[in-house]
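Here the structure comes first, spelled out in structure tokens, and everything after it is commentary.
The values are calculated or read from the model by the stated rules, or taken from the named source; none is laboratory data. Just so we're clear, the structure is a prediction, and the values are computed from it rather than from any experiment. Note: ideal-geometry Cβ built from the backbone for every residue, glycine included; neighbour counts use all protein chains shown. Heads up: the accessible areas ignore ligands, DNA and RNA and are worked out on the full protein's heavy atoms, side chains in. Shrake-Rupley method; radii C 1.70, N 1.55, O 1.52, S 1.80 Å.
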Amino acid sequence: MNTRTRRAVAPLLAITISLAAASGAAASQPATGPATATGSGGAAATVDRHSTQAAIDALRHGANAVDAAVTAAAVLGVTEPFSSGIGGGGFMVMYDARRRRVETIDQRERAPQAMGPDAFWENGKPLAFKDARYSGLSVGVPGTVRGWATALRQRGTITLAQALKPAIKLAREGFVVDATFADQINQNLDYFDDVPATKALYLDPDGTPLDVGTTFRNPDLARTYERIAKHGTAGFYKGPVAAAILRASRRPAVSAANHTWRPGVMTQHDLRSYSPVWRKPTHVRYRGLDVFGMGPPSSGGSTVGEALNILSGYPLGSLPREQSRHLVLEASRLAFADRGAYLADPAYYRVPLQGLLSEGFAASRRALIGDHALASPIGPGNPYAFGGTGGGRGRLSADTTRAGSTTHLSVSDRWGDVVSYTFTIESTGGSGLLVPGYGFLLNNELTDFDYDSLTKPNRVQGGKRPRSSISPTIVLRHGRPWLTVGSPGGSMIITTVLQLLTDRIDLGMTLPQAIADPRASQRNTPATAAEPAFLALPETAALSARGHVFTTTPEIGASTGIKFLGDKGEVLAAAEPVRRGGGSAMVLRPTR
């Protein structure tokens, strides 16, 4: 993307982003809002105003979408440390306007080479989830830093050091703790207080979460970012930071712990040998649009794509709302059955992607849908009969569908480039292990393996990337960007993105309306998780009469997106108005 401007832009941008951060990322700045913005010249939408502002400042001074996305992501590592950061990984989907193509970078964490399928087993059975999560065993080799560097080097116009400047300043000067930040600490309180470094950073001296309204600073993270800025990726994957990561994961330091913290097996070689992977995006045609997503080891693109293929056989927009909701839930149920059986790291399992995304396979799955809800768990279909080649049929059982936390950002620039980027440390608070002296939490991504199985495609194996649900999505119309969306939410990311797409494409909602729409998540489970507002909808009673069973969950996802409004470069950026405390959307030149 527009790398021709690198030398001209970089020196100026290094100064201007830093100056913008000084004025725009002050501790008193509100963390959210506005949730929508319309204009031109580029746009950004994230869950946090500091991050969105940093992206807009970068765009204002000549950065492209990749530059702005990495700049925003680094700030989110400061303000959203329980959902993202350099201790984790993610997936980036990009539209390159000059090349007119969609590309993806897999920054997913990897299992240490020493891990085997029974890594999370004790006494002949798998560990309970919390025992597996809050441990060094759950920590995958982080991919974020090398992912950022790769994106900037090959598709950006600035250096990693320049992209980190706003985040360094914000980590030093601090920001105001809001209710969401404090609540995420509280969710982990019983485990955070076991780990001295985590406790010292995120708890008050009395052992309670940081107070709402106080200023939070993280000078250790600022110094870590400075080290990466000076030494590049070697500043993270080698030297003292790498050594501290290994100590934290291999010898979890606990003080008067009331839980057992199991040691991990990551080595220096695991860290040094990590590299991101450029992958071909998934692609389906839906209502005349080209929908691109993230391929394996993410299951997002294939599962959303399969569900859309199934739904293409129905005129959702002309059906009663209750019937269209029923069909979306059933398509999701069937796609999740196939996700559990066939999705894993393609370096370790031959995923039958062609078959899963074929129209013939979708038709075979569509034939199972009737007027009443199917009983879950339903078994997977057979994609091999439709051009799929793979490593063998998966088990006829429900797969693991844990919820989780993450963060998503959407960015576009004046040249028409687009970035849809979701990155994470997995559960809210990750493994609970803060790297002492360096200010960032380590992920628990390895619990995304089907670690309770020794045979499933997504079982634990050394060097393997666990299956993900991350679903950054870019939709093209006539070869040009039309929409980009994404969300956090663990396995509910997939259902959130599916609902966003069908709400916007089929049901005629605007992007802000689709983002605000009450959500439900069917993942091949007996009951469908639903927000209270969804249960209050008039059509929900009719869905129950069709056999759908619902359980309540407070909220599903926290989306951002950009809708491209025409040929003149005008866009609508949108973020959540309420969920997870609300988000922030901005454009470079607002429409008057």
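Brief remarks follow.
- Among residues of the stretch 268-296, those that are within 30 Å of R247 (Cα to Cα), of a type in the set (S, T, Y) and either crowded, with 16+ Cβ neighbours inside 10 Å or in contact with an Asp or Glu (Cβ under 8 Å, 6 or more places away or on another chain) (or both), counted: 1
- Picking from residues in the stretch 542-557 that are more than 26 Å from A575 (Cα to Cα) and among the hydrophobic types (A, V, I, L, M, F, W, C), the one that is surrounded by the fewest Cβ atoms within 10 Å (Cβ to Cβ) is A545.
- One residue alone among A242, A234, A229 is farther than 24 Å from N188 by Cα, modelled with pLDDT of 95 or more and open to solvent by less than 20 Å² (accessible area, probe 1.4 Å), and that residue is A242.
- A63 being small (G, A, S) and in a loop (DSSP other than H, G, I, E, B): yes
- Hits in the stretch 150-166 (condition: of a type in the set (K, R) and open to solvent by less than 50 Å² (accessible area, probe 1.4 Å)): R155
A quick yes/no check of all residues on (1) over 21 Å from S469 (Cα atoms); (2) open to solvent by less than 10 Å² (accessible area, probe 1.4 Å); (3) in contact (Cβ under 8 Å) with a residue 12 or more places away in the chain:
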| residue | (1), (2), (3) |
| --- | --- |
| V66 | yes, yes, yes |
| A74 | yes, yes, yes |
| G88 | no, yes, yes |
| E109 | no, yes, yes |
| D118 | yes, no, yes |
| D131 | yes, no, yes |
| V145 | no, yes, yes |
| W148 | no, yes, yes |
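- Inter-residue pairs, beta-carbon under 8 Å, first closer than 24 Å to G235 by Cβ and in the stretch 204-224, second open to solvent by 40 Å² or more (accessible area, probe 1.4 Å) and at pLDDT below 95, 6+ apart: none
- Of all the residues in the stretch 558-585, those that are of a type outside the set (K, R) and open to solvent by 20 Å² or more (accessible area, probe 1.4 Å) number 10.
- Selection status of E322, in contact (Cβ under 8 Å) with a residue 12 or more places away in the chain, open to solvent by 10 Å² or more (accessible area, probe 1.4 Å), assigned to a helix (DSSP H, G or I) and touching a helix residue (DSSP H, G or I) at 6+ places or on another chain (Cβ under 6 Å): yes
- Only residues that are part of a helix (DSSP H, G or I), open to solvent by 20 Å² or more (accessible area, probe 1.4 Å) and more than 22 Å from A253 (Cα to Cα) were counted across the stretch 169-217, and they come to 6.
- All conditions in (1) open to solvent by 20 Å² or more (accessible area, probe 1.4 Å); (2) closer than 19 Å to V418 by Cβ; (3) modelled with pLDDT under 95 hold for R6, with the sole exception of (2).
- Matching residues, the stretch 496-510, being touching a residue at least 24 places away in the same chain (Cβ under 8 Å), over 19 Å from the mean Cα position of the chain (by Cα) and open to solvent by less than 10 Å² (accessible area, probe 1.4 Å): T502
- Members of the stretch 246-266 found to be open to solvent by 50 Å² or more (accessible area, probe 1.4 Å), in a loop (DSSP other than H, G, I, E, B) and not aliphatic (A, V, I, L, M), listed by number: R251, N258, T260, P263
- Tally of residues being in a helix (DSSP H, G or I) and either basic (K, R) or out of contact with any strand residue (DSSP E or B) (no Cβ under 8 Å at 6 or more places or on another chain) (or both) across the stretch 331-365: 21
- Residues in the stretch 281-316 that are free of Cβ contacts under 8 Å to residues at least 60 places away in the same chain and in a helix (DSSP H, G or I): S302, G305, E306, N309, I310.
- Looking only at the stretch 516-541, and only at residues there that are out of contact with any helix residue (DSSP H, G or I) (no Cβ under 7 Å at 6 or more places or on another chain) and part of a helix (DSSP H, G or I), the one that is surrounded by the most Cβ atoms within 10 Å (Cβ to Cβ): A516
- Residues in the stretch 457-490 that are touching a Phe, Trp or Tyr at 6+ places or on another chain (Cβ under 9 Å) and open to solvent by 20 Å² or more (accessible area, probe 1.4 Å): R459, Q461, R477, R480, P481, W482.
- Candidates in the stretch 325-357 are the residues that are closer than 18 Å to I494 by Cβ and small (G, A, S); of these, the one that is surrounded by the most Cβ atoms within 10 Å (Cβ to Cβ) is A335.
- Cross-chain or 6+ apart pairs with Cβ under 7 Å, the stretch 368-382 first and open to solvent by less than 80 Å² (accessible area, probe 1.4 Å), then among the acidic types (D, E): I369/E330; A373/E330; L374/E330; P380/D338; G381/D338
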